[in-house]
Every structure is written in C-alpha cells, then in structure tokens.
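The next block holds one structure in the form of structure tokens; read it before the comments.
The values are calculated or read from the model by the stated rules, or taken from the named source; none is laboratory data. In this text, all values refer to a predicted model and were calculated from it rather than measured experimentally. Every residue, glycine among them, receives a Cβ derived from its backbone with ideal geometry; neighbour counts consider all protein chains shown.
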Amino acid sequence: MDLPSQLLANPDALILDLVANSREAVLCRLHEQLAGCPGVKDAPAFLHSLRERAMLAPVCIAPDVALPHARTAAVNRVVLGVARLAVPGVGFDAEHPQVRLVFMVGTPQASVEDHLLAVAAITRLLQPEGRRAGLLAARTEAEFRALLARGSQR
C-alpha cells in the first residue's frame, strides 16, 4: 500500500457530524484536530497556507466535497484530516452551498509528487458509484473508517 492509501485508511484526524455554520469554522475545527498530529510542526503557518491556497482557486471537487490542501513548510510529512459535516452542510462557495465531506491535506513544500498522489487518491476514493453516499450514511466511526480503508485499496 502506498502512502496516500495508508493515510486514507487511517487519517491523522477524523470528525464525524461536525456542526459548523461557515467554511472558515470547518477549516478551523478540522485544522485544530490536525494541529496536534506529529506531522504538523507549525500549526498557525499550516492554517495560513490552507487559507492562502483556498484564495487562489476553488477547493471543491464535487458538489458536496471540499479538498482544502497546501504544500507548506509547516508540515514535515503528508497529513490528512477528514470531516463529515452535519446536515445540511456548509457553503464553501456559490457553486457549492452544501458541502458535507471535507478532506484537508498538508504536504511538505518540496513534496510535489506526494501532494499530487494524495489529491489523486482522494479523488479515486470518491469515484465509485455510491461511495460518497456510503460515507455520508455511515452510522459509526468504524463504518466510516472501513469505507475509507476499502476505498484506499487499489
């Protein structure tokens, strides 16, 4: 199993049914969970990098999925946080008013390939028919993690 698949199967942070009223609140809450993981060496700089990247281009990859990500010196390895938002979700931009799944990725500045592989792995995870619906419907953390792990296998 490659690094992105391992991360998907076991993300550094996982929040289910996160209640938030804005994109900023979602970013801050998920970042807060990731900030304590060993791969994050400068939590404030990591959040700044995520916000800066989100200002450059949209971070949504599907109507209900956001992928805030950044290559930054604030992390020393690839880190992944996953959140499922409570219904009805949160608007990330005008075209994505009800985002329910958020995958937050940080990769070291020089790790271009790892960054691309992580983003591609998340995209592949969500491609099969019914996978997003399954993640949204999972009743327990164990069910949710099992779907992530199943989706991380090639």
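Observations, loosely collected:
- Taken over the range 122-144, the residue count meeting the criterion of being touching a helix residue (DSSP H, G or I) at 6+ places or on another chain (Cβ under 8 Å) and assigned to a helix (DSSP H, G or I) is 9.
- Residues of the range 21-63 classified as without any contact (Cβ under 8 Å) to a residue 60 or more places away in the chain and outside any helix (DSSP H, G or I), total: 10
- Residue, surrounded by the fewest Cβ atoms within 10 Å (Cβ to Cβ), within the range 48-67, restricted to residues that are closer than 21 Å to Leu125 by Cβ and among the charged types (D, E, K, R): Arg53
- In the range 1-32, the qualifying residues are those that are within 28 Å of Arg150 (Cα to Cα) and of a type in the set (S, T, N, Q), and the one that is surrounded by the fewest Cβ atoms within 10 Å (Cβ to Cβ) is Asn10.
- Being assigned to a helix (DSSP H, G or I), among the β-branched types (Val, Ile, Thr) and under 15 Å from the mean Cα position of the chain (by Cα) is a property that Val119 has.
- Of the criteria (1) modelled with pLDDT under 95; (2) touching a Ser or Thr at 6+ places or on another chain (Cβ under 8 Å); (3) of a type in the set (A, V, I, L, M, F, W, C); (4) surrounded by fewer than 20 Cβ atoms within 10 Å (Cβ to Cβ), which one Ala45 fails: (1)
- Taken over the range 100-116, the criterion of being buried (at least 16 other Cβ atoms within 10 Å of the Cβ) and assigned to a helix (DSSP H, G or I) is satisfied by Asp114, His115.
- For Ala35, the stated conditions hold: it is of a type in the set (A, V, I, L, M), over 23 Å from Glu143 (Cα atoms), in contact with a Phe, Trp or Tyr (Cβ under 9 Å, 6 or more places away or on another chain) and crowded, with 16+ Cβ neighbours inside 10 Å.
- Residue match in the range 68-81 (condition: in contact (Cβ under 8 Å) with a residue 60 or more places away in the chain, over 14 Å from the mean Cα position of the chain (by Cα), in a strand (DSSP E or B) and buried (at least 21 other Cβ atoms within 10 Å of the Cβ)): no
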